[in-house]
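*Asks:* Pasting in a structure now, in structure tokens, and then I'll have a few things to ask.
The values are calculated or read from the model by the stated rules, or taken from the named source; none is laboratory data. Because the structure is predicted, anything quoted here is derived from the model rather than measured. A quick note on method: Cβ atoms are made from the backbone with ideal geometry, for glycine too, and the neighbour counts reach across all protein chains shown. Note: areas computed on protein heavy atoms with side chains; ligands, DNA, RNA excluded. Shrake-Rupley method; radii C 1.70, N 1.55, O 1.52, S 1.80 Å.
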Amino acid sequence: MMTRPFDPRALRSAFGAFATGVTVVTTMDEEGRPLGFTANSFTSVSLDPPLLLVCLARTSRNFETVTTARGFAVNILADTQKDVSNTFARPCEDRFVSIDWSAGPCGSPVLAGTAAWFDCSLRQVIEAGDHAILLGRIEAFENSDRNGLGYVRGGYFVPTLAEKAVSAATEGRLRLSAVIERDGAILLFGDERKILPGCDVEGGEPLGALQAALEKLTGLPITIGFLYSVYEDQKDGRQHIVYRAFAGEGAPGGGAFIPLGSLAAQSFDSPATADIVTRFSSESLQGNFGVYFGNETSGRVHAIARKA
């Protein structure tokens with residue numbers, strides 16, 4: 001049966017809607033030098049025998065070495081290791097020079113400070129289109145008490161941080177809103193004073209309510225990403241939670257997309273909204289997002305990841 005071709009970029013974006021953890025896969029080359037790369041296509045396979053798998057693109061410069069090695073290690077990064085993820089995701093002559101690591105029980109590099117690691121023998125290489133599936137038998141592993149680093153829609157997040165914030169906020173009156181982005185612009189509502197789209201929530205499932213409200217307000221498919229800001233408005237006694245969100249294609253049924261470069265010329269309904277939008281614009285340029293905690297006038301930005 002013939003299948004219609006897909007736009008690779010659109011398909012990659014759709015795959016990115018699935019929230020995953022972040023791993024660094026490592027091994028040794030024939031000269032005994034360590035090599036590694038980031039991968040979020042990691043899956044546990046079996047407990048008996050203990051098996052896992054990762055996927056590797058055929059275009060990877062490490063493809064030949066990894067697929068012919070005796071084994072490999074999967075290092076699940078902790079929520080403080082975004083810098084490690086970035087080191088192994090970018091081109092670099094020696095990625096290990098600034099990384100604390102040691103040889104695992106079976107010889108592959110094991111990184112320090114991870115949430116968990118698995119040292120594996122290579123059981124099988126399975127061809128799968130433009131990737132290969134590496135099936136590994138777990139020969140040794142270690143699990144820490146650290147939480148894992150998450151990744152969705154091109155951005156890092158800390159799952160337990162979002163969970164705790166929602167739990168704390170739902171104890172009182174809750175206002176949920178979102179910074180909805182698309183193609184270098186964010187969707188704002190209002191005429192003279194711009195506001196972030198959102199809804200009031202009392203009980204129920206907060207994220208489900210926000211998803212429904214945003215799609216009704218905008219008339220667009222909306223994907224909610226990671227937590228962006230949590231603050232208490234001392235004037236009205238409400239908790240505010242702001243998420244980063246992503247809009248699908250089409251003209252919005254309400255509001256308008258304002259380019260990031262034009263945000264400084266806008267007026268907003270409150271200083272808190274202005275601060276959120278200004279921070280988002282700045283962090284978008286840097287490609288490094290954080291989560292704000294505090295009240296409407298003061299607080300701090302919690303780095304999604306920091307050096308351990």
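*Asks:* Given the peptides 221-229, 137-145, arrange them by the average over their residues of other C-beta atoms within 10 Å, most packed first.
*Replies:* On the way: 221-229: 21.4, 137-145: 14.3.
Packing order, densest peptide first, comes out as 221-229, 137-145.
*Asks:* Taking 8 Å as the Cα distance limit and 6 or more residues as the minimum spacing, I'd like the relative contact order of the chain as a percentage. Could the numbers behind the result be given before it?
*Replies:* Numbers: 617 pairs, mean separation 48.2, N = 308.
Contact order relative to length: 16 percent.
*Asks:* Mind checking the alpha-carbon convex hull of segment 94-139 and giving the volume per residue in Å³?
*Replies:* Per residue, the Cα convex hull of segment 94-139 comes to 108 Å³.
*Asks:* Quick check on the chain: helices-only [θ] at 222 nm, where DSSP H runs of length 4 and up contribute -39,500 (n - 2.57) each and the sum goes over total residues. Nearest 500, please.
*Replies:* -6000 deg cm²/dmol
*Asks:* If you don't mind, there's one more thing I want to ask. Specify, per residue and in Å³, the volume enclosed by the convex hull of the alpha carbon atoms belonging to segment 220-308.
*Replies:* 131 Å³
*Asks:* A follow-up question, please. From zero up to wherever the largest Cα-Cα distance of the chain sits, split into 10 Å bins and tell me the percent of pairs in each.
*Replies:* Using 10 Å bins, I get a P(r) of 6, 24, 29, 21, 16, 5, 0 for the chain.
*Asks:* Shifting gears a bit: Please report, as a whole percent, how much of the solvent-accessible surface of the chain comes from carbon and sulfur atoms (probe radius 1.4 Å).
*Replies:* 52 percent
*Asks:* Run the reach check for Lys216 against aspartates and glutamates, Cα to Cα strictly under 18 Å, same-chain hits fewer than 8 apart removed. What comes back?
*Replies:* Counting by Cα, and skipping residues close in sequence, Lys216 has these aspartates and glutamates nearby: Glu181, Asp200, Glu205, Glu249.
*Asks:* Keeping every protein chain present and rolling a 1.4 Å probe, give me the accessible area per residue for the chain in Å².
*Replies:* Dividing the accessible area of the chain by its residue count gives 54 Å².
*Asks:* Could I ask something else about it? Let's see if you can work this out: charge +1 on each Lys and Arg Cβ, -1 on each Asp and Glu Cβ, no other charges. What is the dipole magnitude of the chain about its Cα centre, in debye to the nearest 20?
*Replies:* Here the size comes out at about 260 debye.
*Asks:* Related question: Take every Cα pair under 8 Å in segment 69-136 that's 6+ residues apart, average their separations, divide by the length, and report that relative contact order as a whole percent.
*Replies:* 38 percent
*Asks:* Pick from Ser46, Ser85, Ser108: which residue has the top mean-square fluctuation in a GNM of the chain where Cα pairs under 10 Å get a spring?
*Replies:* Ser46
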